[in-house]
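> Encoded as structure tokens, here's the structure I'll be asking about.
The values are calculated or read from the model by the stated rules, or taken from the named source; none is laboratory data. This structure is a prediction, so every number in the text was calculated from the model and none was measured. As a convention, Cβ positions derive from the backbone with ideal geometry for all residues, glycine included, and neighbour counts pool all protein chains shown. Remember, those area values only see protein heavy atoms, side chains included, never the ligands or the DNA or RNA. Shrake-Rupley method; radii C 1.70, N 1.55, O 1.52, S 1.80 Å.
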Amino acid sequence: MTADPVTVPVRVPFSGSYAPEDVTFLLKPVALDATDVVEKEALIQSGRRHYSEMIAPEAVPGDAYLSLYDAALARNGARLAQDIASLAAHLAGRRPGRPVVIASLARAGTPIGVLLTRVLLAAGHGVDHYAVSIIRDRGIDRNALRHIADRHDPANVVFVDGWTGKGAISGQIRESLAGDSRFPVDPRLVVLADPCGRAWLAASAED
């Protein structure tokens, strides 16, 4: 069994490995003892631990991994740039003159939110970017939403993720916001790829 998480002292707000103008993380850093992948899966499948309570060890990427990354970037980089530009243009034109408030879903949504933020800022459009936590079966971080709603018009908030798979996260957002009158009934989930057709805005439906 893994030990209970320990809160790690950190300055607030913080931006992790990103520049401060890229994102503000609305997360509480904790230190967890790593759990072996096999043990982690066994604990999840048996119901003894929730996946969010454990973290598997991650090795520093080796040369082979980095080569695959470089090849994928060379193959898909231009497409990614065009998709980001398309999403940013749509968000900027949705409510002209109003800032865009991005609530990216950590982890996969955060780099997409950073790219959208940079494109919007370069185009002279107002944007604020926060990274928030959402966990299947447990919901979205309500304290983070309260922080955002206290500082911005919730009508300007969009949730950003990398993609949709089976629609679990989009359903979790909808469930988490049900009855919260500050946010629209239909949550605005923005993704690069939406193969299951559950996002509010997507650059592509391809997997």
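> What distance in nm lies between label points placed 7 Å from Cα along the C-beta direction at Arg75 and Val37?
Rounded to a tenth, the inter-label distance reads 2.0 nm.
> So, for the range 42-164, what is the accessible surface per residue at a probe of 1.4 Å, expressed in square angstrom?
Dividing the accessible area of the range 42-164 by its residue count gives 55 Å².
> Rounded to a whole number, what % of the accessible area of the range 1-160 do carbon and sulfur atoms account for, probe 1.4 Å? Show your work: numbers first, answer last.
On the way: 5260 of 9420 Å².
Heavy-atom surface of the range 1-160 belonging to carbon and sulfur, 1.4 Å probe: 56 percent.
> Expressed as a whole number of Å, what is the distance separating the alpha-carbon centroids of the range 122-149 and the range 92-109?
Spelled out, the Cα-based centre of one part sits 9 Å from the other.
> Obtain the nm distance between the two label points defined at Glu58 and Gln82 by a simple spin-label model: each point lies 7 Å from its Cα along the Cα-to-C-beta direction.
3.0 nm
> What is the extension gain from Ile44 to Arg151, computed as 0.36 nm multiplied by their sequence separation minus the C-alpha to C-alpha distance, in nm to one decimal?
Result: 34.8 nm gained on full extension.
> Shape verdict for the range 67-110, please, from the Cα gyration tensor: rounded (a/c under 1.5), prolate (a/b greater than b/c) or oblate.
In terms of gyration-tensor shape, oblate.
> Given the rule -39500 (n - 2.57) for each run of at least 4 DSSP H residues, summed and divided by the residues of the chain, what is its mean residue ellipticity at 222 nm, to the nearest 500 deg cm²/dmol?
-12000 deg cm²/dmol
> Whole number please: convex hull volume per residue, Cα atoms of the chain, in Å³.
Values: hull volume 30.7 nm³, N = 207.
Convex hull volume per residue, Cα atoms: 148 Å³.
> Relative to the longest principal axis of the C-alpha atoms of the chain, give the angle of the C-alpha long axis of helix 168-177, reported between 0 and 90° and rounded to the nearest 10°.
For 168-177 against the chain, the angle is about 70 degrees.
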